[in-house]
Structures are given as C-alpha cells and as structure tokens.
Amino acid sequence: MKIMIRNGRVVDPASGRDEAADVAIAAGRIVAIGQVPADFTPERTIEADGCVVAPGLVDLAARLKEPGPGALESELAAAAAGGVTSLVCPPDMDPPLDEPGLVDMLKFRARKLSRCRLFPLGALTQGLGGAEITEMIDLTEAGCVGFSQAEAPMRDNLTLSRAMQYASTRGYTVWLRPQDASLSGGVAASGAVATRLGLSGVPVASETIALHTVIELVRQTGARVHFCRLSSAAGVDIVRRAKAEGLPVTADVSINSLHLTDIDIGYFNADMRLTPPLRQGKDRDALRAGLADGTIDALVSDHTPIGHDDKMLPFGEAVPGATGLELLLSLALKWGNESKLTLAQSLARVTSEPVRVLGEALGSLGQSAGRLVEGGVADVCVFDPDAEWQVTPEALHSRGKHTPFDAASSGTRMPGRVRHTLVAGTLAWSAAAGANAA
Amino acid sequence: MLARRNPQLNAHGELIHLLSIEGLPRAILTQILDTAGTFLSVNDRDVKKVPLLRGKSVFNLFFENSTRTRTTFEIAAKRLSADVINLDIAKSSASKGESLLDTIANLSAMHADMFVVRHSESGAPYLIARHCAPHVHVVNAGDGRHAHPTQGLLDMYTIRHYKKSFNELTVAIVGDIVHSRVARSDIHALTTLGAPEIRAVGPKTLVPGDLREMGVRVCHDMREGVKDADVIIMLRLQNERMSGAMLPSAGEYFKSFGLTEDLLALARPDAIVMHPGPINRGVEIDSRVADGSHSVILPQVTFGIAVRMAVMSILAGNDA
C-alpha cells in the first residue's frame, strides 16, 4: 500500500533532521522524505498538520503476560497505541523462553497480528534456573536478540562467567538486571521512607555489588552486556566509569525510576510496588542526568501487566510491576521537556539509541529501524506533541491497568498523544479509528 | 492527589480510622489521652460498662495471632456495650484462599461498624480502610513493622500519668527497633507530643543508622543510651532474632543491652521502666527490674483498656 504522510514535522534523531516534510511510503519502505516524486499516487493520505512524524518507538523491556488467552493481542495493541513498533520481551514467560520452538511460536503469533515487531530475549539458562546454559545458537536462529536471566538469580559467579564466555563466542549480548539475589528480597528501596513505613528494604548495594561483579567478568570474558533498569545514582556512576574504560556495556532505565521516588509510595500505594524499587530523589536525578549524557542508552517502559487482584493486596504482597507501553512516548517527552532537551534528543532514547543497543542482533533491520531514512523500513509514529492527556486505566489497551501515573492517584499530566502508528508501511493503529486500520 | 490525603481524617480533620500516629495532629492525640482518663474510672466501678457503643458491632480481625492485644480490645469494646465478634482469620478464610478484600466485603455485609485489624504486612489496614463501607471505622492493632498506634497511645498515657509533661523528657527505646511497630508508633507520638530527646538503643543490626531520619538519637551503647533517661521503654526481642545473622545469642544480647539494676541506676532517680509485653525475663530485662519499683509494666496494661475505649468511642462519634 502506498501511503503519504503530509505536512508533518519530520524528526529523525539519528540524523538530526527536524523539518516540515512529506513522507512517502510504498511496499513497506520509505521511498521519499521531502521531495516526493510527482508520479507518487498514494492510496491513503495521513494529514499530519501540527504533528511530529518520528521513527516508531523501540522499547527494550516489555512483558506480554504470555501465555494467556488474548494476552499477546492486547499487549501488542497497547504497543501500537503507544507508538511502539519494536519491542524486546524478557524470557520470563511460563514456560521460560529456553527452547527454539517456543520462540518460533511466539514470533509467528506476533507476526500474524502485525501490530508491532517482537524481539524476544532467550533464557540465558535452562528454565531460568541459573545453572545450565541454553542452546544460544539455535535460539538466535529462532529470532532471539540476546540472552537474559530476567529477574532470576544465577547459581554462582562461575556459571555466570561461563554463560558470558559462551555468549561472547558468537558476539551475543547478555542482558542482566544488576541485583544481588541475597540483598534484593525487600519490597521497597532502603531509606527513610521504607524505615518509616516499616517496609523491608533493598539496599543500593544490591545493585552496585552486582554491577561490580558483572563488570569484572566483562573485563575477563569480553562479553557484551546490557544492564537492565538501573535504579541508583551509584549504579549510574559505575556504568559511567565502565564505559569510560571502553568496556562493551550499555544500560537502560525505566519510565518509573526516571520520574518517581520512594516518597510516591504515599500511604502504601501498591501501584508503586515495582522492581527495581523506586529510590530517592538524588537517585532519580542521577538517572535523569545519566540518560541525558548517554551513560544510560535507552529509556524503557518496563511494561508489566499485572491483574487487578494481584494489586489489591497489602503493599508487600502486591505483585511488582506496572503497565507502561502506552505511556513511554509521553514520559520520554516529559523528561525531555523538563531537562530542556530538543525533541530529537528526547526521542533518540526511545528510537535510535535502543536500536544501537540491539546492534548486530537486528540484522539488516538495524540499518533503518529507529530511524527515518529513504529506502529504510517504514516504522513510523505520528504524534501530536501539544496534546495533553491523563491516564485513565479503562482507556488503556493493555490488560495491565495499574500504573503509578494513574490520573486518579497521581494527577500526572502527560504530554504528547499518538495519532498513527505504522509498522512496515502498514497502519497498525490510528487514533481516529481506535483500532487496527490495516 | 487522592492517595496522598491522610486517610485517617475526614474533611473536617476528625479521626475516622486509627491507622498510624504519624500524621495525626497533637490535638487529636491529646483528645484521646484526655478521653482515656475519663474511662479509667469506669474500669474501677462495680458495673464496668457505659452505653456509648450499644448496638454497634466490633469485629476483631486478627490475621496474625495475638491473644493479649485481642483480649484488651475485646474488653474495651464490651465496656462500651458493643457486640464483639472475634475472628481468628489466620486459621479460617485466609487459609482457604479467600483474599483480604473478599473477607472484608463479606464481613461488611454482616453490618460491621468497626474493624480492629492485626496483619503481618505493613500497610494492610490502609488497604482495608480504603475499601470498606464508608460508615465502617478501622483500628490498626498492629501491621507488620509499621505501626501499633493504640500501644503507642497507651505508652503516652502511661508517660503522661507519671511524668505530667513531655516537654523536658529524655526517652530511651531499647531493643529491636528496626522490626518494631511499637517503636515506630512511640517515636511518632513522642515527637508529636514534644519530647525533646528520643533515643533508639541497640546493636547496629537492630538499630541501623537510618533511624536518625525519624528524628531519634541512635545509641549503640546501653550505658550511653539510658544515662539520665526519664523513661526507658524496653522492647520484646522476638525469638527468631535471638540467633542467626542479627544477633549471635540471647545471652550475648542480655549482656550488652539487657536492662539490669546497675544500668537503671544510670537513669534519673525517678525513671520509669515500660515494656509492651510479653516480657522475656533474662533476655531484654532482668526480673528485679521488671518487678521493681521503677516498673510500670502492669499499669500500662490497665491504661491500655481505657485508651482503646477512648479510641473506639471517638471513632464511633465521627462520620466519614
């Protein structure tokens, strides 16, 4: 299908392009930006007056609540509604993604929905048990873009070291959540709030000890590591130094840690029960600065749909996690506005930079995903930067209705509203239609 | 900012639930203590009853066992002429898999007027208060490590009874403060009522430095901790802390932080010794101190009933 996006402000973070231009799309690819050939006859025209035409968002951490009837459908619809055209999902499904067949099946089902590209992380160890490594080559051929332990601990440092060594043989990236298993049993960040509320704490040392350990193993094995969801100022510092040393490490931060602190727990609001836990103001400030200066490469939704019953519990018993796919764009813009960044700089953290983190794993798609280039794939997000909205759980497409940014409890004003999402030149979502317009 | 409004108070600033002492104004604490004073005489009468809660149903919901606290609430409610229903939920619905809020919905349908809740999770009474019928009042009878507000209030009643004023007091709280809901409630109450020096005394594993952020002076030496104290509140050392990574043994704990007559001699001559009970003789407190002339441990129990009567009668008089 030939599509023309007319009169939009085209912002491509990778090239720095920020100008009014038309975008012509045919056969799933962008054929022209600006100078559209006179003989281009679109079958469909999207009027983008007042809107930004940006690359589709790339979210490096979104859980799909698989398996579950209709779960993949609802969560990929949430991605499309949030302008997310590629997402990476961790392997902690039931069963964990430790066999090529499981990955094939998941990718096949996602492709059929044609809402969003799905890039699974394979389990680093069988059953995420932390003891025996998986068939990483087969899993990669099935479509895994890296290997992860999700929230599960490794049995010991010897096994971790071997897993990193094996992964690095083929240049696979190991995605790790920096947390020390024995120190991460608490339900809130250690500090004044946890002490006052009588909640068990997770100390910063849980993160820093894990970072130091993994970084030492990176030095020894040469493995490429992506650190998932940094939560502390000390953690940002360690990653900054590792990068300065030239080690092959990257990192991301969640929308929750970027905008909230433990004070937001208020009177035991279970929507604030998150992993990693929300830390203090100085940590949030360091995460924001780290994301701005590139120490942290990407901003992620850390999307985790949690059922209502699992949140209607005392804080410590509530299941950690929050919905996020439909909030990612707005919370990236909010951070960018508050940090006085250009639109291109804010968008880079959810488009071109996460693609750089994925690197070779994306194959030829890596040349154009997260970017707007002539000849590249037409993964596009058209949004109104001046529209403001508030999160009402019922209006979300995701089955996860719980978020710290719920208007009723937080009153957060969200800048920017997605109008159209295109995946491979096909309209995956349109605000007007409100559904799959393809 | 719905979730951040103090859920204990109605729009007029009146107490509708008692969940924590934190965030309550001094006037409400004083009102409770004053009201408790008037109830103390009821307990001395031949007919120990007043009709303030006649026709009301008070449900004791104990998700965690505690015979003693439950009994004092039961006595207090009965002396106010309420109907009291005791539910030992640890042994019934929770073990059948019923969720906390389903249990609450069911009991609400039985026309409860007040829930007295004990739960092992910090914050559980807040969840109940948020989701119960608007006319129902919730009293926190101890949640996790978070709060035990009626114990805090009865401790304040006891201190005021013996010391008259809080304005010049040095109060030492000794023991497992990090895991203690009693300590947290005492600290908030003492701070609100104007006690100038509150000390948290114990080894670093039980009294970590970040307690300073609650406005207390942290002492890791018992002699320094009790020196010139007007009030010494000893906390119970739970059995599960007596060995492991927190403490090597009950014996070594007693040697360094047990209250003996020698240590008590360092406090003010008219110091009082308190304990929320049940006491571990020879673990946190020497028998001669527990039974000695400075001990006010048994009067605390008596005052506790009057304080719980005061809390329940005040709550019953306020509408959401």
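Return yes or no: is B:THR205 crowded, with 19+ Cβ neighbours inside 10 Å and among the hydroxyl-bearing types (Ser, Thr, Tyr)?
Taking the combined requirement at face value, the residue does not satisfy it.
Residues that are of a type in the set (A, V, I, L, M), surrounded by 21 or more Cβ atoms within 10 Å (Cβ to Cβ) and more than 13 Å from chain B (Cβ to nearest Cβ): does region A:171-189 have at least one?
There is at least one residue in region A:171-189 that is of a type in the set (A, V, I, L, M), surrounded by 21 or more Cβ atoms within 10 Å (Cβ to Cβ) and more than 13 Å from chain B (Cβ to nearest Cβ).
Name the pairs: first residue in region B:293-320 and outside any loop (DSSP other than H, G, I, E, B), second residue surrounded by fewer than 19 Cβ atoms within 10 Å (Cβ to Cβ), Cβ to Cβ under 6 Å, at least 6 apart or on different chains?
B:ILE305/B:ILE75; B:ALA306/B:LEU40; B:ALA310/B:THR35; B:SER313/B:LEU52
Please name all residue pairs, on different chains or six or more residues apart, with Cβ atoms under 8 Å, provided the first residue is in region A:260-282 and is within 9 Å of chain B (Cβ to nearest Cβ) and the second residue is basic (Lys, Arg) and not in a loop (DSSP other than H, G, I, E, B).
A:GLY266/B:ARG4; A:TYR267/B:ARG4; A:ALA270/A:LYS311; A:ASP271/A:LYS311
Collect the residues in region B:120-142 that are within 14 Å of chain A (Cβ to nearest Cβ), at pLDDT 95 or above and not in a loop (DSSP other than H, G, I, E, B), keeping them in residue-number order.
Result: B:ALA124, B:PRO125, B:TYR126, B:LEU127, B:ILE128, B:ALA129, B:VAL138, B:ASN140, B:GLY142.
Could you tell me whether region A:158-171 includes any residue that is in contact (Cβ under 8 Å) with a residue 24 or more places away in the chain and under 21 Å from the mean Cα position of the chain (by Cα)?
No; the residues of region A:158-171 include none that is in contact (Cβ under 8 Å) with a residue 24 or more places away in the chain and under 21 Å from the mean Cα position of the chain (by Cα).
Do we have A:VAL193 as within 14 Å of chain B (Cβ to nearest Cβ), touching a residue at least 24 places away in the same chain (Cβ under 8 Å), within 24 Å of A:SER232 (Cα to Cα) and within 23 Å of the chain's Cα centre (by Cα) here?
Against the criterion (within 14 Å of chain B (Cβ to nearest Cβ), touching a residue at least 24 places away in the same chain (Cβ under 8 Å), within 24 Å of A:SER232 (Cα to Cα) and within 23 Å of the chain's Cα centre (by Cα)), A:VAL193 does not qualify.
Looking at (1) of a type in the set (Gly, Ala, Ser); (2) under 23 Å from A:LEU72 (Cα atoms); (3) part of a loop (DSSP other than H, G, I, E, B), which one does A:ALA428 not meet, given that it meets all the others?
Among (1) of a type in the set (Gly, Ala, Ser); (2) under 23 Å from A:LEU72 (Cα atoms); (3) part of a loop (DSSP other than H, G, I, E, B), the lone unmet condition for A:ALA428 is (3).
Name the helices (runs of 4 or more DSSP H) wholly inside region A:306-371 in which the number of residues that are without any contact (Cβ under 8 Å) to a residue 24 or more places away in the chain and within 14 Å of chain B (Cβ to nearest Cβ) is 2 or more.
Qualifying helices (runs of 4 or more DSSP H): A:308-311.
When you check B:GLY194 against the structure, is it crowded, with 24+ Cβ neighbours inside 10 Å and either among the basic types (Lys, Arg) or on the phi > 0 side of the Ramachandran plot (or both), yes or no?
no
Taking only region A:80-102 into account, find how many residues are part of a helix (DSSP H, G or I) and under 24 Å from A:GLN149 (Cβ atoms).
Number satisfying all stated conditions: 3.
Give region B:186-225 a look and list any residue that's more than 10 Å from every other protein chain (Cβ to nearest Cβ), in contact (Cβ under 8 Å) with a residue 40 or more places away in the chain and within 24 Å of A:ILE263 (Cβ to Cβ), or say none.
B:ASP186, B:ALA189, B:THR192, B:VAL216
The values are calculated or read from the model by the stated rules, or taken from the named source; none is laboratory data. These numbers were taken from a predicted model, which means no experiment stands behind them. All Cβ positions, even for glycine, are placed from backbone atoms using ideal geometry, and neighbour counts span all protein chains on display.
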